[in-house]
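Student: Here you go, one structure.
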Amino acid sequence: MNKTWAVVRLCLVVALLAGVLAAAPVSAEEGEPQHGMGVLLSPPGDYPILDTLVGAQALPVSVDLSTDLPPVGDQGVEPTCTLWAVGYYYKTLQEQRERSWGPTGNDHVFSPSFLYSLSAGCGTLQPVAIPTTLEVVRSRGAAPLSVFPVLFYSECRLPTEAELQAAQSFRSLSYGNLFMFQGRADISRLKAHLAGGDAFVLSVPVYDSFYFYHGRTPVIGVPAATERLWGHHAILIVGYDDSLGAFKLVNSWGMRWGNAGFAYLSYDFVQTKAWEAWAMVDGGAAVPVPTATPVVTATPQPTVTATPYPTSTPTVVPTATPRPSPSPTAVMATLVLQQGIKSYHGTTDTYIDSKQPATNYDSSKVLKISDDGSVAGLVRFDLSCFPASAVVLQATLEFYVDTASQSMMLAPYEVVRPWANREVDWRKARTNGPWGAPGCNDTASDRTAAPVSTQSLGPGRGWRALDVTPAVRHWVSNPANNLGLVLRGQGGTRAVFSLVSAENTSLSNHPKLTIKYRQ
């Protein structure tokens with residue numbers, strides 16, 4: 001447990017440190033989400049065209065390629081949407097469809113940071129045009145996360161020769177434009193491209209109805225005249241549904257945005273507001289046609305030809321950015337919270353076991369988690385010392401695995417019911433306070449329905465990391481909602497992981513929360 005005075009002492013230290021740092025202004029109002037964008041609009045010029053041939057047969061009424069995507073990611077406030085759309089999502093989807101890898105792990109998901117370093121360099125924090133990154137994938141390839149992890153901007157570096165060599169195996173064959181400039185989207189051709197089994201990257205202006213979309217309406221439509229324009233954003237289009245009159249997109253703003261990171265964008269919006277669309281031709285086998293109803297589909301055959309676009313500059317609506325992306329001069333800092341280290345004593349953790357439903361494991365030296373859902377971990381970090389004016393850029397939760405006989409998918413969920421670490425068990429969150437469903441399993445009253453992230457954990461001892469950025473941002477904005485995480489395994493093989501807990505005598509192996517932030 002929590003030792004209040006130790007937490008207060010750490011707060012004073014952090015406050016003194018924050019006082020000597022130059023603070024960068026944050027323009028978003030308190031409580032508003034803070035999302036990065038960062039696509040650089042392509043100017044007029046000679047671009048290769050990806051010509052999708054539409055046959056006479058009817059297209060399916062809906063297509064959905066999202067099952068081949070990696071878990072929804074979060075770019076934070078950095079202007080890296082192009083790299084997430086092209087690398088993390090698009091390249092991963094294409095290789096998954098080609099190679100049938102199965103569940104995505106770090107070996108099978110591609111790094112946006114690798115592409116950023118080759119597209120923009122590391123001298124300045126700047127947006128990137130879609131064709132710039134597509135050319136990098138064509139000429140240099142893409143590196144899996146296991147080779148080149150996601151890096152915070154202050155950690156930006158160029159790839160090593162070994163990393164460049166590993167990326168060569170994942171070069172694209174070519175790429176091309178599907179349309180350029182507002183008002184020129186051919187909805188039928190975009191649908192035919194999707195019906196052929198491939199996604200495409202779309203550049204869109206972001207208005208209030210998109211920026212603050214929470215999934216309460218089925219479709220994001222054409223914005224009202226009174227809506228703010230926040231900037232321009234690159235997204236991946238992974239399907240369409242004629243019954244909604246909309247394209248399905250996956251965003252890089254985490255699972256709290258939209259419907260667990262997804263949304264539908266109306267055909268009218270794409271026709272009137274979208275700026276440009278691009279697609280890659282994968283260097284491997286042909287992409288299979290997705291299953292859809294009706295099954296009679298047109299099969300597009302991509303061909304790339306160079307065709308000049310008009311050189312006259314179109315009228316561009318000025319980009320109003322109420323909350324600018326962080327500049328290279330902003331002060332970046334890192335806060336590491338680990339029980340017993342540097343006077344921090346704000347971690348509470350335990351586990352609950354369906355086989356011992358009335359047993360409390362608060363004093364256990366390990367946290368146990370099974371992949372069949374019968375054993376789950378609980379952990380919470382006191383964040384009262386986090387600087388009030390700071391912006392969370394990235395948050396990583398690390399555990400030291402003491403015992404793991406085989407692989408497991410681990411998913412953290414935000415807990416929404418208060419629990420007491422010395423009282424909690426499989427049946428109850430605290431004395432006289434039962435769980436809505438045993439094991440913290442009620443997705444309405446115990447925990448969120450969607451995980452914060454998912455991570456494949458391999459067997460063996462050592463550190464394992466989980467991305468918990470969306471959860472930490474939520475807690476910093478709304479401290480009363482910081483009820484911690486429940487850690488659930490997935491897989492069904494009855495694998496059990498034992499993680500070192502905050503009660504273990506090995507202080508250096510206690511659970512660790514690392515928060516990178518901007519002042």
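Student: Pairs only if they're at least six apart or on different chains, beta carbon under 9 angstrom, first in the stretch 497-508 and closer than 17 Å to ARG380 by Cα and in the same structural domain as TYR344 (by TED's automatic domain parsing), second surrounded by 21 or more Cβ atoms within 10 Å (Cβ to Cβ) and acidic (Asp, Glu); list them, first residue then second.
Tutor: Pairs found: LEU499/ASP349; SER501/ASP349; ALA502/ASP349; GLU503/ASP349.
Student: What are the residues in the stretch 465-504 that are within 14 Å of GLN455 (Cβ to Cβ) and of a type in the set (Asp, Glu), if any?
Tutor: Scanning the stretch 465-504 gives a single hit, ASP467.
Student: Under 6 Å between Cβ atoms, which residue pairs at least 6 apart in sequence (or on different chains) link something in the stretch 136-155 that is farther than 21 Å from GLY123 by Cβ with a partner that is of a type in the set (S, T, N, Q) and not in a loop (DSSP other than H, G, I, E, B)?
Tutor: Hits for this filter: VAL137/SER172; ARG138/SER172; GLY141/GLN168; LEU145/ASN106; SER146/ASN106.
Student: Next up: Got at least one residue in the stretch 489-509 being in a helix (DSSP H, G or I) and hydrophobic (A, V, I, L, M, F, W, C)?
Tutor: Yes, some residue in the stretch 489-509 is in a helix (DSSP H, G or I) and hydrophobic (A, V, I, L, M, F, W, C).
Student: Could you check, for the stretch 191-210, whether at least one of its residues is under 19 Å from TYR88 (Cβ atoms), acidic (Asp, Glu), in contact (Cβ under 8 Å) with a residue 12 or more places away in the chain and part of a loop (DSSP other than H, G, I, E, B)?
Tutor: Yes, the conditions are met somewhere in the stretch 191-210.
Student: Out of the stretch 132-181, which residues are surrounded by fewer than 19 Cβ atoms within 10 Å (Cβ to Cβ) and among the polar types (S, T, N, Q)?
Tutor: Within the stretch 132-181, THR132, SER139, SER146, SER154, THR160, GLN165, GLN168, SER169, SER174 qualify.
Student: Right, another one. Condition first: among the aliphatic types (A, V, I, L, M), closer than 22 Å to PRO71 by Cα, touching an Asp or Glu at 6+ places or on another chain (Cβ under 9 Å) and modelled with pLDDT under 95. Can you find one or more residues in the stretch 252-260 that meet it?
Tutor: yes
Student: Hey, another quick one. Taking the stated definitions as given, is ARG461 in contact (Cβ under 8 Å) with a residue 24 or more places away in the chain, under 30 Å from PRO387 (Cβ atoms) and in the same structural domain as LEU335 (by TED's automatic domain parsing)?
Tutor: Answer is no for this residue.
Student: Against the conditions (1) touching a Pro at 6+ places or on another chain (Cβ under 6 Å); (2) more than 28 Å from ASP107 (Cβ to Cβ), where does GLY197 fall short? Just the number, please.
Tutor: (2)
Student: Next question, about the same structure. Name the single residue that is farthest from the chain's Cα centre (by Cα) among those in the stretch 469-497 being small (Gly, Ala, Ser) and crowded, with 19+ Cβ neighbours inside 10 Å.
Tutor: Checking each candidate, the answer is ALA495.
Student: Test ALA199 against the stated conditions and say whether it is in contact with a Cys (Cβ under 8 Å, 6 or more places away or on another chain), at pLDDT 95 or above and under 22 Å from SER66 (Cα atoms).
Tutor: no
Student: Count, please, the residues in the stretch 222-237 that happen to be under 26 Å from LEU83 (Cβ atoms) and either free of Cβ contacts under 8 Å to residues at least 12 places away in the same chain or of a type in the set (Gly, Ala, Ser) (or both).
Tutor: 2
The values are calculated or read from the model by the stated rules, or taken from the named source; none is laboratory data. From a predicted model like this one, the values you see are computed outputs, not experimental measurements. For neighbour counting, all protein chains shown are included, and Cβ atoms are generated from backbone atoms with ideal geometry for every residue, glycine included.
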